[in-house]
Amino acid sequence: MNQKFQLGAIAASILLVTACSDPAIEPAETELPAGETQVETETASGETPETAPEMTAIADVLAGEWRGTDSDRDSQRHPAETLEFFGIDPTGTIIEVWPGSGWYADILAPWIAANGGQYIAAHFPLSSESASRRNSRASFEAHVSDHDVFGNVRMVDFGQNSGPLVEPGTVDAVLTFRNVHNWMMFGYAERAFADFHAALRPGGLLGVVDHRLPSTREQDPQARSGYVQQAYVIAMAEEAGFELVATSEVNANPADTADHPFGVWTLPPVGRSSGNGEAVAEDFDRAHYDAIGESDRMTLLFRKPETAPAEPAE
């Protein structure tokens, strides 16, 4: 690969459940490591089209008809600007951790496949005790099974008791969107960052987006509101051995006060208007929260150092 992640170019959901083939990939019947699967792909018509859609440019992927109405949220999620800020090289090996139903996967997988890279989805484990999580993974695998659009998507497990994501030091970038609060809720956020660090090659990049809690507010260690202080996330990443490269306000929303009655899920796109099993209060102003839009989000870029830190002198 002639060019890896040009840092000089940086100038830019229980809650998650309840956010061209690579010639180097072996055939699907080849035995894969435990917890890892290769999505069985098929064309939409069952036949190979004469002309595949052009998807090497991110703008073409964003305009892809497979995205449907999801593209309506681009104005609030800024995918092109976010991926540019993260310095993502689509010819590389990229892991997206907990891609949910696939909002970002619909962008990343086609773009990476078209450029000869490998998209890896680190989803809920196949062995999860939660039926909803197993169903979520099955739904995602079905969603990305169109080879013509998504290429050969590689699946690996990530959860509370999963093992290493991939062979250590073999990934160019790890991305995760609106998930750190979930890992904090279930008590393994620190381990998550350690797993990401292990998967990345020296110099590899970690891109994180999550709902931002104002620094003046007390941080709930379980992040039950869905919001996390930016400094808290940075501290966890640095503790795992990452260095902070840059921060971006591309996904900021000053209208979000982060103090909503049903946490961040009060806002779009979830739009919760009552507690579980409760009726909507007569004075609840749904329009107010819809007008705020999606949450204020931090956008953080980290790097795994090229060399390991020196051992302290004895």
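The values are calculated or read from the model by the stated rules, or taken from the named source; none is laboratory data. Remember, it's a predicted structure, so these values are computed and weren't measured experimentally. FYI the Cβ positions are ideal-geometry reconstructions off the backbone, even for glycines, and counts take in every protein chain you see.
Checked against (1) over 13 Å from Ala122 (Cβ atoms); (2) in contact with a helix residue (DSSP H, G or I) (Cβ under 7 Å, 6 or more places away or on another chain), Trp183 passes all but condition (1). Within the option set Ser248, Ser295, Ser225, being more than 18 Å from the chain's Cα centre (by Cα) and more than 18 Å from Arg191 (Cα to Cα) holds for one residue only, Ser225.
The rows are residues; the columns are (1) under 24 Å from Trp265 (Cα atoms); (2) surrounded by 24 or more Cβ atoms within 10 Å (Cβ to Cβ); (3) not β-branched (Val, Ile, Thr).
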| position | (1), (2), (3) |
| --- | --- |
| Pro99 | yes, yes, yes |
| Asp106 | yes, yes, yes |
| Asn135 | yes, no, yes |
| Asp148 | no, no, yes |
| Ser162 | no, no, yes |
| Gly169 | no, no, yes |
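Out of Pro79, Pro53, report the one residue that is modelled with pLDDT under 95, on the phi < 0 side of the Ramachandran plot and surrounded by 15 or more Cβ atoms within 10 Å (Cβ to Cβ). From the options Pro79, Pro53, the qualifying one is Pro53.
Find all pairs meeting these conditions: Cβ atoms under 6 angstrom apart; at least six residues apart or on different chains; first residue within the range 105-131 and closer than 22 Å to Glu54 by Cα and modelled with pLDDT of 95 or more; second residue buried (at least 24 other Cβ atoms within 10 Å of the Cβ) and small (Gly, Ala, Ser). Going by the 6 Å Cβ cut-off, the qualifying pairs are Ala113/Gly151; Tyr119/Ala109. Summed over the range 230-256, residues that are among the small types (Gly, Ala, Ser), buried (at least 17 other Cβ atoms within 10 Å of the Cβ) and in a strand (DSSP E or B) total 1.
Close Cβ contacts (under 6 Å, 6 or more residues apart or on different chains) running from residues in the range 194-208 that are surrounded by 17 or more Cβ atoms within 10 Å (Cβ to Cβ) to residues that are part of a helix (DSSP H, G or I) comprise Leu206/Phe196.
A single entry from Tyr227, Tyr188 fulfils the requirement of being aromatic (Phe, Trp, Tyr) and surrounded by fewer than 21 Cβ atoms within 10 Å (Cβ to Cβ): Tyr188.
The residues listed here are Arg212, Arg217, Arg224, Arg201; of these, the one that is assigned to a strand (DSSP E or B), within 18 Å of Thr257 (Cα to Cα) and out of contact with any Cys (no Cβ under 8 Å at 6 or more places or on another chain) is Arg212.
Sub-7 Å Cβ pairs linking a first residue in the range 143-166 that is under 16 Å from Phe193 (Cβ atoms) to a second residue that is part of a helix (DSSP H, G or I) and acidic (Asp, Glu), at least 6 apart or interchain, are Pro164/Asp195; Leu165/Asp195, ordered by first then second residue. Look at (1) more than 21 Å from Trp183 (Cα to Cα); (2) in contact with a helix residue (DSSP H, G or I) (Cβ under 7 Å, 6 or more places away or on another chain); (3) hydroxyl-bearing (Ser, Thr, Tyr) and you find that Thr216 fails only one, number (2).
The set of residues in the range 138-195 being in contact with a Phe, Trp or Tyr (Cβ under 9 Å, 6 or more places away or on another chain), part of a helix (DSSP H, G or I) and either within 18 Å of Ile107 (Cα to Cα) or among the charged types (D, E, K, R) (or both) consists of Phe140, His143, Val149, Phe150, Glu190, Arg191, Asp195.
Of the residues screened, Ser127 is not one that is part of a helix (DSSP H, G or I) and surrounded by fewer than 20 Cβ atoms within 10 Å (Cβ to Cβ). Residues in the range 257-298 that are surrounded by 15 or more Cβ atoms within 10 Å (Cβ to Cβ) and at positive phi: how many? Result for the range 257-298: 3. When restricted to residues that are in contact with a Lys or Arg (Cβ under 9 Å, 6 or more places away or on another chain) and under 18 Å from Arg77 (Cβ atoms), the range 267-288 contains 3.
Quickly run through the range 105-124 and pick out the residues that are in contact with a helix residue (DSSP H, G or I) (Cβ under 6 Å, 6 or more places away or on another chain) and assigned to a strand (DSSP E or B). The answer is Tyr119, His123. The set of residues from the range 228-241 being at negative phi and touching a helix residue (DSSP H, G or I) at 6+ places or on another chain (Cβ under 6 Å) comprises Val228, Val233, Met236, Ala237, Ala240. Assess whether Pro214 counts as being within 19 Å of Phe284 (Cβ to Cβ), of a type outside the set (A, V, I, L, M, F, W, C) and surrounded by 13 or more Cβ atoms within 10 Å (Cβ to Cβ). For Pro214, the condition - within 19 Å of Phe284 (Cβ to Cβ), of a type outside the set (A, V, I, L, M, F, W, C) and surrounded by 13 or more Cβ atoms within 10 Å (Cβ to Cβ) - is not met.
Being part of a helix (DSSP H, G or I) and farther than 26 Å from Asp195 by Cα holds for only one residue in Val280, Val264, and it is Val264.
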